[in-house]
Amino acid sequence: MKYFALLSLIVLFSCTNAKQKEFEQFSRLEGSWEMKKGTTEFKESWKRVNDTLFEGTSKMTMDGKTLFSEDLQLVLTNDSIYYIPTVSFENEQEEVRFALKTATKDKWVFANKTHDFPQEIIYVFKDKDSLIATVQGMENGRSQKIDFRLKRK
């Protein structure tokens with residue numbers, strides 16, 4: 001029985017350590033990002049709060065008027081890593097959790113198949129100062145995809 005308990009602790013520690021290492025890769029997001037197209041601007045910024053949390057914000061404006069804004073979190077829990085947006089004036093200001101589905105060096109895919117739109121949020125790094133954030137999924141019976149081509153500010 002002691003052997004089983006010790007083995008369980010070792011497995012738990014190694015899984016936690018692996019998740020922690022995987023979570024470290026999100027430090028690439030730290031800082032400010034932006035995209036400008038005509039009079040439309042999209043800005044996203046991130047900062048590390050501690051070993052299990054990154055916080056961010058994003059905002060889209062057109063002609064100086066806010067189209068949407070959201071508070072963002074990347075959270076490491078015991079079971080997964082979650083991307084959690086809370087969008088102003090949507091979902092009754094409630095957070096929506098997207099679980100990390102896949103992660104490679106330059107691409108992260110978060111998914112929530114039960115959400116209305118999007119069902120996936122994807123970050124792809126082109127280089128250290130350029131990334132594409134994509135929201136995609138089904139909306140009103142049609143496949144939709146929106147890319148935000150961001151540059152580090």
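Where a number appears in this text, it was derived from the coordinates with a stated rule and is not lab data. Model, not experiment: these values are computed from the prediction. Backbone-built Cβ (ideal geometry, glycine too); neighbour counts: all protein chains shown.
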Under 13 Å from the Cα of Lys65 - aspartates and glutamates, other chains or at least 8 residues apart: Glu41
Pairs beyond 19 Å (Cα-Cα), from Lys113/Lys145; Lys21/Lys126; Lys126/Lys151; Lys101/Lys128; Lys43/Lys153; Lys19/Lys126: Lys21/Lys126; Lys101/Lys128; Lys19/Lys126
In the stretch 38-131, trypsin sites (Lys or Arg not before Pro) in a DSSP loop with at most 12 other beta-carbon atoms within 10 Å: Lys105, Lys113, Lys128
Residues Glu92, Glu55 arranged by fewest to most Cβ contacts within 10 Å: Glu92, Glu55
Length released on extending from Thr66 to Asp129, taking residue separation times 0.36 nm less the Cα-Cα span: 20.2 nm
Sorted by Cβ density within 10 Å, fewest first, the residues Ile121, Ile84, Ile132, Ile146: Ile146, Ile132, Ile84, Ile121
Angle between the chain longest axis and helix 2-24 axis [Cα atoms, degrees, rounded to 10]: 20
Rough spin-label spacing in nm, given labels placed 7 Å along Cα→Cβ, for Val87 and Asp106: 2.9
Shape of the stretch 64-153, Cα gyration tensor, a/c cut at 1.5: rounded
Sum of -39500 (n - 2.57) over DSSP H runs of 4+, divided by residues of the chain (222 nm, nearest 500): -5500 deg cm²/dmol
